[in-house]
1. Considering segment 68-104 alone, what residues qualify as being buried (at least 19 other Cβ atoms within 10 Å of the Cβ) and of a type in the set (Val, Ile, Thr)?
2. Can you pull out every residue in segment 1-22 that is over 39 Å from the mean Cα position of the chain (by Cα) and polar (S, T, N, Q)?
3. Out of the residues in segment 364-379 meeting the condition of being surrounded by 21 or more Cβ atoms within 10 Å (Cβ to Cβ) and not hydrophobic (A, V, I, L, M, F, W, C), tell me which one is nearest to Val395 (Cα to Cα).
4. Scan segment 228-275 for residues that are in a strand (DSSP E or B) and either outside the structural domain of Asn431 (by TED's automatic domain parsing) or out of contact with any Cys (no Cβ under 8 Å at 6 or more places or on another chain) (or both) and jot them down.
5. Could you check, for segment 300-308, whether at least one of its residues is in a helix (DSSP H, G or I), of a type outside the set (Ser, Thr, Tyr) and more than 24 Å from Pro234 (Cα to Cα)?
6. Can you spot a residue in segment 193-211 that is in contact with a helix residue (DSSP H, G or I) (Cβ under 9 Å, 6 or more places away or on another chain), among the acidic types (Asp, Glu) and at pLDDT below 85?
7. Pairs only if they're at least six apart or on different chains, beta carbon under 6 angstrom, first in segment 102-125 and farther than 26 Å from Gly86 by Cβ, second in a loop (DSSP other than H, G, I, E, B); list them, first residue then second.
8. Name the residues in segment 169-193 that are within 32 Å of the chain's Cα centre (by Cα) and outside any helix (DSSP H, G or I), would you?
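The values are calculated or read from the model by the stated rules, or taken from the named source; none is laboratory data. The shown structure was predicted, so the numbers you read here are calculated from the model rather than taken from an experiment. Here the Cβ is made from the backbone with ideal geometry for all residues, glycine too, and neighbour counts use every protein chain on show.
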Amino acid sequence: MKDIENIELTYLTLNDYQELKAAMIDSYTTMPNSFWKEHQIASLIECFPEGQVVIKINDQIAGCALSIMVDYNSFDDHHSYQEITGNYTFSTHTSDGDVLYGIDVFIKPEYRGLRLGRRLYDYRKELCERLNLRGVAFGGRIPNYHKYSDKLSPKEYIAKVRRKEIHDPVLNFQVSNDFHPTKVLKNYLEGDDASNDYAVLLEWDNIYYEKKSKKASVIKKVIRLGLIQWQMRPYKDLEELMTQVEFFVDAVSGYRSDFALFPEFFNAPLMAQNNHLTEAEAIRELAKHTEEIVKQFSQLSISYNINIISGSMPEMQNGKLYNVGYLCRRDGTVERYEKLHVTPDEVRVWGLQKGHELKSFDTDCGKIGILICYDSEFPELSRILADEGMDILFVPFLTDTQNGYSRVRNCSQARAIENECYVAIAGSVGNLPKVQNMDIQYAQSMVFTPCDFAFPANGIKAEATPNSEMILIADVDIDLLRQLHQFGSVRNLKDRRKDLYELKKL
């Protein structure tokens, strides 16, 4: 090999044709006459110039990648090379396609071992992302299969290659570049005797793909969270309490936050006026305010253009007391969530009942989950929400001691790691000497992340000052989660042993 003075990845031009033809003949020694005609290359360059690239070393072609865009749903999963290329005319290319289909890729023999193929595959992935296509696909040859075809089926052969029991330079290379086998294609490429006419349909998924919407909307990737660390203080009535609520909504929306998160039982100060009653009677009186509070929260979410998670409040349904909250979206819609696990103290003092429904919520900032305080300590709940596509978990909480707070904090951070999502927790601080069973509060509101290179090393994105009334503003990047799911150092969601255990709603 000559000394390398420069390596360049550039678009293929028709002036390169004769050199390209010679390079293909050198590269496909087991498939005689396997080179594209000049009019075919001209057609590719004319219909899709961005898809045709070459790598040049010292101004000489060392490798090439040819591609088209196709409407993938127009083809059967068992298509042939001839079908996908429109009988080698590339009439199947369409600018409205959703998949970048690889037509050809090769490196000249004398330049193999320099990882030039990786550069070509990386270019295809970058092009796929730039064009907002849902993925890259191609039929991959298995040129060593003819050595094993009398003993192994194509499926068995691929399995052994993946387990490193058989070396297949082509398939190994493609799998190492994040392409996953999805189908075995029979009679894919005419004349490929080394592969016994088999190929493997390989795909790479674009984690940034956004399905085109007919609505005039912006899909947000960086989400701003506003957490309210609420001070428990006396309020003479509901109007005064909601004035304080509006102050905080105004504050976090002033920073253009997408969400405002309030703590569990933030409205507990209103029980002071019923301190002459038993604890169970007082909280049922408090529940009478819930409907009006939700109504006002919804109005605030619209007028301040922010999604509000109302923390939680007591609510009576069919004569039973529940701990519930409401997601008030800025489009005016409202949805309810419940506390599913209640603490022994909540049962003993208030007669609180367990909720019945776990669900994730669609918002204009993606899918979220909400678990009230104690629910964060049960990993099954958040795992189910993660399976439903949750990106951000919100945990409104109320804890009186640092012990209780540590349970919520440590479990919430574990939820962020094991579910590869963001977790935001918000609690109340201060004390209420005139409210029974609500004497003291301890809190430090926080935003947790997974622990990997794209995130803080300690998994903490932002943290409030303990036991001080304040707001906490933090930005979370959803694209970083997509990268983690696909390329993380560890992949907690992907690597679960579903062959041994499963988790599902009843």
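1. Selection gives Ile68, Val70, Ile84, Thr85, Thr92, Val99, Ile103.
2. Asn15, Gln18
3. This residue is Ser376.
4. Filtering segment 228-275 for residues in a strand (DSSP E or B) gives 228-232, 259-261, 264.
Scanning segment 228-275 gives Ile228, Gln229, Trp230, Gln231, Met232, Ala260, Leu261.
5. As a first pass, look at segment 300-308 and keep what is in a helix (DSSP H, G or I): 300-303.
Next, only the ones that are of a type outside the set (Ser, Thr, Tyr) stay: 300, 302.
Filter again for more than 24 Å from Pro234 (Cα to Cα), leaving 302.
Among the residues of segment 300-308, at least one is in a helix (DSSP H, G or I), of a type outside the set (Ser, Thr, Tyr) and more than 24 Å from Pro234 (Cα to Cα), which makes the answer yes.
6. We begin by selecting, within segment 193-211, every residue in contact with a helix residue (DSSP H, G or I) (Cβ under 9 Å, 6 or more places away or on another chain); these are 193-196, 198-200, 202, 204-209.
Adding the requirement that they be among the acidic types (Asp, Glu) leaves 193, 205.
Then drop every residue that is not at pLDDT below 85, which leaves 193.
Within segment 193-211, one or more residues are in contact with a helix residue (DSSP H, G or I) (Cβ under 9 Å, 6 or more places away or on another chain), among the acidic types (Asp, Glu) and at pLDDT below 85.
7. Glu110/Met1
8. Listed by number, the residues that qualify are Asn177, Asp178, Phe179, His180, Pro181, Thr182, Lys183, Val184, Leu185.
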